[in-house]
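Structure first, then comments.
The values are calculated or read from the model by the stated rules, or taken from the named source; none is laboratory data. Everything quoted here is computed from the prediction, not taken from an experiment. All Cβ positions, glycine included, derive from the backbone under ideal geometry; neighbour counts span all protein chains shown.
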Amino acid sequence: MKIPKRIILTFFIILITSVIYPLRKEFNFYGLRLGMSENEIKEAINAHPDLKADESRYLGKINDAIPFILKAHYRPYIENIYIHFYKEKSYQIIILLNPRYFDFLNMSKTLETKYGAPSKSTSQIVEWGNDTNNIRLFLEYPATVKVYDDALMTQLHTELSQNIIMITNQAPREQARKKILDEF
């Protein structure tokens, strides 16, 4: 039995598309997306009747260059939602689901239906994204969903590392300066 070329071509296109673009849809959870401002995130949280911002653990801005975190929850189903900001835009969202209500296997199937075939799948972690797409989506055992902008995360880590090196290098100079000033 000969398989028509059209069926082979269609199968090939679907296969290639799922490999090249594994995250086929923009991540959106109750209106929370990457790249949103703090005010947009707060509006999305306030617009949903079940989400609540957790002001007790609000890790606010010390200055604009330092990343900060906004925390929310939806009891008892969502233990915590952490939205990380840098340069006034959200770059990472971590959703800690209550494992009594959500299991890893069903969450994996649900995310695969919505976002396409994962680029990596083990018994502990499922990942969507690839080198051409800066957005990474993870499901971690038992029931944690993480999504982040890989390029921005790399930039942030580089900047923070450089700041730590500068502070570390300034400490011996400051000690020497203080020693000289103490001599007056």
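Observations
- Matching entry among THR122, THR158, THR110 (being within 24 Å of HIS73 (Cβ to Cβ) and of a type in the set (S, T, N, Q)): THR110
- Residue that is farthest from PHE27 (Cα to Cα) [pool: residues in the stretch 75-111 that are in contact with a Ser or Thr (Cβ under 6 Å, 6 or more places away or on another chain) and not β-branched (Val, Ile, Thr)]: GLU88
- Top-ranked residue of the stretch 46-67 - restricted to ones that are modelled with pLDDT of 85 or more and assigned to a loop (DSSP other than H, G, I, E, B), ranked as farthest from the chain's Cα centre (by Cα): PRO49
- Taking (1) outside any strand (DSSP E or B); (2) at pLDDT below 90 in turn, LEU70 satisfies each apart from (1).
- Complete set of residues in the stretch 112-128 that are out of contact with any strand residue (DSSP E or B) (no Cβ under 6 Å at 6 or more places or on another chain) and not acidic (Asp, Glu): THR113, LYS114, GLY116, ALA117, SER121, THR122, SER123, GLN124
- Matching residues, the stretch 25-45, being outside any loop (DSSP other than H, G, I, E, B), at pLDDT 90 or above, out of contact with any helix residue (DSSP H, G or I) (no Cβ under 8 Å at 6 or more places or on another chain) and surrounded by 12 or more Cβ atoms within 10 Å (Cβ to Cβ): PHE29, GLU40, ILE41, LYS42, GLU43, ALA44, ILE45
This table checks each residue for (1) under 33 Å from the mean Cα position of the chain (by Cα); (2) surrounded by 11 or more Cβ atoms within 10 Å (Cβ to Cβ); (3) modelled with pLDDT of 70 or more.
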{"site": "LYS146", "(1), (2), (3)": "yes, yes, yes"}
{"site": "MET153", "(1), (2), (3)": "yes, yes, yes"}
{"site": "THR158", "(1), (2), (3)": "yes, no, yes"}
{"site": "ILE164", "(1), (2), (3)": "yes, no, no"}
{"site": "ASN169", "(1), (2), (3)": "yes, no, no"}
{"site": "ARG173", "(1), (2), (3)": "no, no, no"}
{"site": "ILE180", "(1), (2), (3)": "no, no, yes"}
{"site": "PHE184", "(1), (2), (3)": "no, no, yes"}
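- For the stretch 129-136, the criterion of being in contact with a strand residue (DSSP E or B) (Cβ under 7 Å, 6 or more places away or on another chain), β-branched (Val, Ile, Thr) and at pLDDT 95 or above is met by no residue.
- Contact annotation: residue pairs with Cβ atoms under 9 Å, 6 or more positions apart or on different chains, pairing a residue in the stretch 30-54 that is closer than 22 Å to LEU152 by Cβ with a partner that is among the basic types (Lys, Arg) and not in a loop (DSSP other than H, G, I, E, B), are LEU34/LYS89; GLY35/LYS89; MET36/LYS89; SER37/LYS89; GLU38/LYS89; ILE45/LYS52.
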